[in-house]
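So the structure is just underneath, and the comments pick up after that.
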Amino acid sequence: MDKIFENLARAVAQRSSRRSFLSYLGRMLLGASMLPLLPIDRVAATARAEDTKGNPEDDTTCDYWKYCAIDGFLCTCCGGGSHDCPPGATPSPTSWVGTCRHPSDGRDYIVSYRDCCGKTSCGRCLCANTISEMPLYRPQLDSDLIWCFGAPTMVYHCSTAEIVGVK
């Protein structure tokens, strides 16, 4: 067995160099690092997420259909409504948008997500649904920012979701 492995190793060594091996290894590592960039993985993950949804009509859970791109504490758990800030908090004049499919009628709705500002953080019903979220170079579709720009204070309390149109 040792003799076979030695002969095989010598044959490979005679036909290749260290540089070609390092070049091949580098190409393989670079190619492997590109795999997460393929859209197939994100589509499959989105499909799995939609299959595991709970009650899409309960606006106090992250599974509520309008919350498909919300990121923050739900105002419905903090004394407000799905599109109303709780007393003492003011809605931010800026917002981010997402497109959510209503499970009953199958139509896509454009939803505006707005942070409520001015009170300390609610701390209940945290949701981080980032379906259709875009990176920071498209800030109007990025939910990772605190959207209290222009509000009397930058203190974040909770987030609301309001339908602004039909796609």
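The values are calculated or read from the model by the stated rules, or taken from the named source; none is laboratory data. All values derive from a computational prediction rather than experimental measurement. Virtual Cβ from ideal backbone geometry, glycine too; neighbours counted across all protein chains shown. These area figures cover heavy atoms from the full protein model, side chains too; ligands, DNA and RNA do not enter into them. Shrake-Rupley method; radii C 1.70, N 1.55, O 1.52, S 1.80 Å.
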Practice prompt. Count, please, the residues in the range 20-54 that happen to be open to solvent by 80 Å² or more (accessible area, probe 1.4 Å) and at pLDDT 85 or above.
Written response: 6
Item to complete: Among residues belonging to the range 94-121 that are of a type in the set (D, E, K, R) and closer than 15 Å to residue 158 by Cβ, point out the one that is surrounded by the most Cβ atoms within 10 Å (Cβ to Cβ).
Response: 115
Fill in: Residue within the range 64-82 that is out of contact with any helix residue (DSSP H, G or I) (no Cβ under 7 Å at 6 or more places or on another chain), of a type in the set (D, E, K, R) and at pLDDT 90 or above present
yes
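Yes/no matrix, rows are residues, columns are (1) over 15 Å from residue 151 (Cβ atoms); (2) in a loop (DSSP other than H, G, I, E, B):
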{"site": "84", "(1), (2)": "yes, yes"}
{"site": "93", "(1), (2)": "no, yes"}
{"site": "100", "(1), (2)": "yes, no"}
{"site": "112", "(1), (2)": "yes, no"}
{"site": "115", "(1), (2)": "no, no"}
{"site": "119", "(1), (2)": "no, yes"}
{"site": "122", "(1), (2)": "yes, yes"}
Worksheet item: In the range 84-104, what residues are modelled with pLDDT of 90 or more and over 13 Å from residue 64 (Cα atoms)?
Response: 84, 85, 86, 87, 88, 89, 90, 91, 92, 93
Worksheet item: Can you name the condition, by its number, that residue 84 falls short on among (1) open to solvent by less than 50 Å² (accessible area, probe 1.4 Å); (2) in contact (Cβ under 8 Å) with a residue 40 or more places away in the chain; (3) on the phi < 0 side of the Ramachandran plot?
Response: (1)
